[in-house]
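Presented below is the structure to which this report refers.
The values are calculated or read from the model by the stated rules, or taken from the named source; none is laboratory data. Just so it is clear, the model here is predicted, and its values are computed rather than measured. Here the Cβ positions follow ideal geometry from the backbone for every residue, glycine too, while neighbour counts run over all protein chains shown.
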Amino acid sequence: MKSPSLMSLEEALQRFVPNGASVVMGTALEALIPFAAGHALIRQRKKDLELIGPISDMLFDQLIGAGLVRRVTAAWVGNVSAGLGHNYRRAVEHRIPRSLELEEHSNFSVGLGLLAAAMGVPYLPTRTLLGSDLGLRNRRIAAAPESGLMHVQAIEPDVAILHVQRADAEGHAHCWGNLGITREAGLAARSVILTAEEVVPSDVILSDPNRILLPPHRVSAVVHAPFGAHPSPVQGCYGRDHAAFSEYHRMSRDREGYLQWLQEWVLDVPNLEVYCRKLGKRLDALRPTRARLAAPVDYA
């Protein structure tokens with residue numbers, strides 16, 4: 001496979017996220033959520049996307065409210081610090097701004113489905129769903145009476161959008177902190193877009209090969225996107241912007257408030273650079289106040 005190209009966020013999404021694509025995002029649970037990529041998808045007016053992920057925090061809710069989403073394959077959609085997503089509820093209960101197909105999972109079953117695709121197998125078994133009714137409502141989860149287990153079919157997204165601390169232009173990347181199901185998603189997807197806080201020389205990444213996230217041939221594009229996960233946290237770079245989550249949840253309580261938020265923070269903000277300028281000193285307050293380095297490793 002051809003080596004990835006270093007490109008702008010807008011170009012990467014235009015090339016690798018067509019209308020109707022299935023997109024996995026927010027795979028590290030509350031951290032490393034690629035909000036900048038999600039907002040760029042809204043500005044590009046993508047259509048009929050399927051969103052795949054565990055809890056997704058509020059990014060999925062934002063995309064649903066903008067009318068981009070036809071289907072959600074997830075465990076939960078909302079704002080972890082505040083509650084269920086208001087746009088999600090409006091779409092499911094009232095078809096506003098459009099109807100929404102649901103494929104309900106547990107966090108673990110989403111991970112199993114992605115891991116099955118990464119392994120190239122049709123399904124993986126589990127005991128964790130026994131006693132639940134997910135198998136009655138989810139075509140990818142089925143009982144296996146002969147073994148007494150549940151089978152979770154493979155989930156193969158068209159594209160994974162993954163945020164990392166650093167990457168090189170060839171697709172090697174380092175990612176640390178809670179990874180959730182990030183590696184499984186990257187190996188399961190047909191294409192991978194990496195958005196990175198830093199783009200560094202290859203020898204920086206190759207100096208610590210055990211931390212490399214994915215084989216570089218799995219990566220389709222690398223994007224330099226400092227603060228590209230704001231307001232979610234990125235270990236070692238910045239903390240969670242609790243105020244942003246609270247503000248969004250309050251404003252999105254009704255449709256008019258959400259549209260006001262969307263105009264101010266997405267549609268009137270042409271790119272990530274302008275978004276960061278708009279936040280200004282608010283970003284400085286999120287940076288770590290002291291370093292906490294891991295012990296060095298000697299590969300001699």
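Observations on the structure shown:
Quick grid of which residues meet (1) without any contact (Cβ under 8 Å) to a residue 40 or more places away in the chain; (2) farther than 20 Å from Val24 by Cβ; (3) in a helix (DSSP H, G or I):
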site	(1), (2), (3)
Ala169	no, yes, no
Gly177	no, no, no
Thr195	no, no, no
Ile205	yes, yes, yes
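- Scanning region 69-92 for residues that are farther than 18 Å from Ser246 by Cβ and part of a strand (DSSP E or B) turns up Val69, Arg70, Arg71, Val72, Thr73, Ala74.
- Subset of region 212-254 that is touching a residue at least 40 places away in the same chain (Cβ under 8 Å), part of a helix (DSSP H, G or I) and closer than 20 Å to Ser56 by Cβ - its residue that is nearest to the chain's Cα centre (by Cα): Phe245
- Hey, Gly228 closer than 15 Å to Phe35 by Cα and touching a helix residue (DSSP H, G or I) at 6+ places or on another chain (Cβ under 9 Å) or not: yes
- Among the residues of region 139-148, those identified as surrounded by fewer than 19 Cβ atoms within 10 Å (Cβ to Cβ) and in a loop (DSSP other than H, G, I, E, B) are Arg139, Pro145, Glu146, Ser147, Gly148.
- Yes/no for Ala28 being closer than 19 Å to Gly257 by Cβ, among the small types (Gly, Ala, Ser), crowded, with 17+ Cβ neighbours inside 10 Å and touching a helix residue (DSSP H, G or I) at 6+ places or on another chain (Cβ under 8 Å): no
- Total residues in region 31-60 satisfying the condition of being surrounded by fewer than 24 Cβ atoms within 10 Å (Cβ to Cβ), assigned to a loop (DSSP other than H, G, I, E, B) and modelled with pLDDT of 95 or more: the figure is 5.
- In region 31-57, the residues that are in contact with a helix residue (DSSP H, G or I) (Cβ under 9 Å, 6 or more places away or on another chain) and among the hydrophobic types (A, V, I, L, M, F, W, C): Leu32, Ile33, Phe35, Ala36, Ala37, Ala40, Leu41, Ile42, Leu49, Leu51, Ile52, Ile55
- Considering the conditions (1) farther than 30 Å from Gly236 by Cα; (2) in contact with a strand residue (DSSP E or B) (Cβ under 8 Å, 6 or more places away or on another chain); (3) part of a loop (DSSP other than H, G, I, E, B), His151 is excluded by exactly one of them, (3).
- Residue tally, condition closer than 22 Å to Pro233 by Cα and either free of Cβ contacts under 8 Å to residues at least 60 places away in the same chain or not in a strand (DSSP E or B) (or both), over region 154-167: 2
- The residue that is modelled with the highest pLDDT, among those in region 90-134 that are among the acidic types (Asp, Glu) and touching a Lys or Arg at 6+ places or on another chain (Cβ under 9 Å), is Glu101.
- Applying the condition of being in contact with a helix residue (DSSP H, G or I) (Cβ under 7 Å, 6 or more places away or on another chain) and in a loop (DSSP other than H, G, I, E, B) to region 5-25 and asking which residue is surrounded by the fewest Cβ atoms within 10 Å (Cβ to Cβ) yields Val17.
- Cβ-Cβ contacts under 7 Å between residues 6 or more apart (or on different chains), taken from a first residue in region 63-78 that is farther than 17 Å from Val110 by Cα to a second residue that is of a type in the set (Gly, Ala, Ser) and not in a strand (DSSP E or B), are listed as Leu63/Gly38; Ile64/Ala91; Gly65/Ser252.
- Top-ranked residue of region 100-114 - restricted to ones that are part of a helix (DSSP H, G or I) and touching a residue at least 24 places away in the same chain (Cβ under 8 Å), ranked as surrounded by the fewest Cβ atoms within 10 Å (Cβ to Cβ): Asn107
- Restricting region 97-137 to residues that are among the small types (Gly, Ala, Ser) and in contact with a strand residue (DSSP E or B) (Cβ under 7 Å, 6 or more places away or on another chain), the residue that is nearest to Ser252 (Cα to Cα): Ser109
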